[in-house]
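Heads up: the structure comes next, in structure tokens.
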Amino acid sequence: MAHQSVLVWLAPFIDKNVFTMNTDSSSQAKQSGSFKPLAERMRPKKIADVRGQDHLLGKNCLLPRLIRENRLGNLILAGPPGTGKTTLATVIAEESGCKLIKLNAVTSNVTELRESLKLAKYYGASKCFLFVDEIHRFNKAQQDLLLPDIESGDARLIGATTHNPRYYVNDPLLSRSQLFSLEPIAVDILKKALLACLKNEDSGLGTRKYKAQENAISQIAKIAEGDLRKAYNILETVVEGIPVGGKLTEDEVTLFAKERSIRYDRNEDEHYDTASALIKSMRGNDPDAAMYWLAKMLTGGEDPRFIARRLVIFASEDVGLADSRALLIADATFRACESIGIPECELTLSHCVLFLSTCPKSNTATLALAAARQAIQSEPVQSIPPSIRDRHGRNKKYQKSDEDGYQYSHDFPDNISGQSYLEKEVNLYHPKDEGAESVIAKRLAHWKNIRNQKRSS
């Protein structure tokens, strides 16, 4: 790492505005020559060229003025891939008249982080930004290493993350930074960017004189899922098979789309967001939406056992006594996922999701348990009446009074003895008028009437 320390000594003599703590010469060669990707060539150089973030950079927004006047503090830029986080960091530095020291948290270690902080402090916070891409990949100790210089004002940070910063960025670091959320880029904006790229002779594909069907461009924009970098990459890949001056058709894009991958990161935000969408769609009795999110999870490579576990929970949490078959089907689905595996178990998951989506819903099992716990926590725990205590356990002495006190339900009409099973009655379960639970409600009302009659007689 001695070569990196030399950067501090060479800094006054280096004429570049952007420093990247990366010593891979082959990588640098690719980025500087003809291997440079289209998305990189089309990267905006000024605020006015940044697309799709009008809520931050549009007319009457404060951020552009703060950038031009170099009055920004520490920033955390959060948003999905391809929404312009790295671009915005570069533009901020350029239009603020500051240098930008780039660091990628995926490939950088503590030593490189320290060297970058030294260089940032050398230039001073007013003339330099330290940009940490994928900052959520830094562990707590590495993020904490940033705090002293950030807090003292010796260095100015721009962090970028595709994850929710409230979960993945340390609270002390987050509290010292301004959070800006970038949104997925709208389809119409992606279309404009792609068309501009086809005409741009300096950085885009304008020299190749491609013609494009409007439907083809629209399809690429839809496939990109709000990711401008992905849109450029798709366009670049598709046109490789087209001769100069040729026409980009919908058929070429369709052929590409058959093999495309979707954005789905297992064990990360997309994973939990999609699972949430599936559960809420079933809860809302929308089988079409539920099937859509199920298909996304399966297409993205989700573990079917994870899906099945969520369905078992849902069966009791959201269907409950409205249709107790739900739990049986969900449990059978989980067992099928374990024993059969993919792809065959996908049909079982589909069966279960459709059944749960179309079941009557009741959350009384959840509410009754919560009410029971609240009753236990808010008041002294009731003693078990002697008449219903266990008379056959170890170290139990038989007492005739216990036997005499217990009333065997099967000896009475309707199996109702009228006996109390609590010292003080509580009302915890309130059945809904949904599915089988409506029958349960009538049955409980009948039993309650019999019990009251026997107790009053």
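Quick note: the coordinates plus some simple rules give every number you see, no bench work behind them. Since the model is a prediction, treat every value here as computed from it, not as a measurement. Cβ placement follows ideal geometry from the backbone for every residue including glycine, while neighbour counts extend to all protein chains displayed.
When the Cα atoms of the chain are enclosed in a convex hull and the volume is divided per residue, what value in Å³ results?
On the way: hull volume 116.2 nm³, N = 457.
Roughly 254 Å³ of hull volume per residue.
Going toward the positive end of the dipole of region 364-456, with +1 on Lys and Arg Cβ and -1 on Asp and Glu Cβ, which of PRO386, TYR429, GLN453 do you reach last?
It is PRO386.
Within region 411-457, report the GluC sites (Glu not before Pro) that DSSP leaves as loop and that have at most 15 other Cβ atoms within 10 Å.
Filter output for region 411-457: GLU423, GLU425.
Between LYS199 and ALA257, what is the label-to-label distance in nm when each label sits 7 Å out along the Cα-to-Cβ direction?
Using points 7 Å along Cα→Cβ, the separation is 2.5 nm.
Arrange THR299, THR87, THR333 by Cβ neighbour counts within 10 Å, fewest through most, would you? Display every interim value, and only then the final one.
Values: THR299 11, THR87 23, THR333 26.
Result, fewest neighbours first: THR299, THR87, THR333.
Once Lys and Arg get +1 and Asp and Glu get -1 on their Cβ, which of CYS359, VAL439, ALA196 lies farthest toward the positive end of the dipole of the chain?
Checking the options against the dipole of the chain, the answer is ALA196.
As a test of the formula, what do you get for the chain when each DSSP H run with n ≥ 4 contributes -39,500 (n - 2.57) and the sum is divided by the residue count, at 222 nm and rounded to the nearest 500 deg cm²/dmol?
On the way: 22 runs with 233 residues, N = 457.
So the helix-based figure for the chain works out to -15500 deg cm²/dmol.
Amide H of ILE158: which non-local residues (sequence gap of 5 or more, or other chain) have their own amide H closer than 5 Å, using H built in the peptide plane?
LEU75, LEU130, PHE131, VAL132
Lysine pairs in region 364-456 with Cα distance under 21 Å, only those 8 or more apart or on different chains: how many are there? Before the final figure, lay out the partial values.
Values: LYS424/LYS448; LYS424/LYS454; LYS432/LYS442; LYS432/LYS448; LYS442/LYS454.
Value for region 364-456: 5.
Give the residue list of GluC sites (Glu not before Pro) in region 306-368 that are DSSP loop and have at most 13 other beta-carbon atoms within 10 angstrom. Display every interim value, and only then the final one.
Values: sites: GLU317, GLU338, GLU344, GLU346; in loops: GLU344.
Counting only loop positions with at most 13 other Cβ atoms within 10 Å, the GluC sites (Glu not before Pro) in region 306-368 are GLU344.
What is the dipole size for the chain, taken about its Cα centre, with +1 at each Lys and Arg Cβ and -1 at each Asp and Glu Cβ, in debye to the nearest 20?
Values: 62 positive and 58 negative charges, 144 e Å.
Result for the chain is approximately 700 debye, rounded to the nearest 20.
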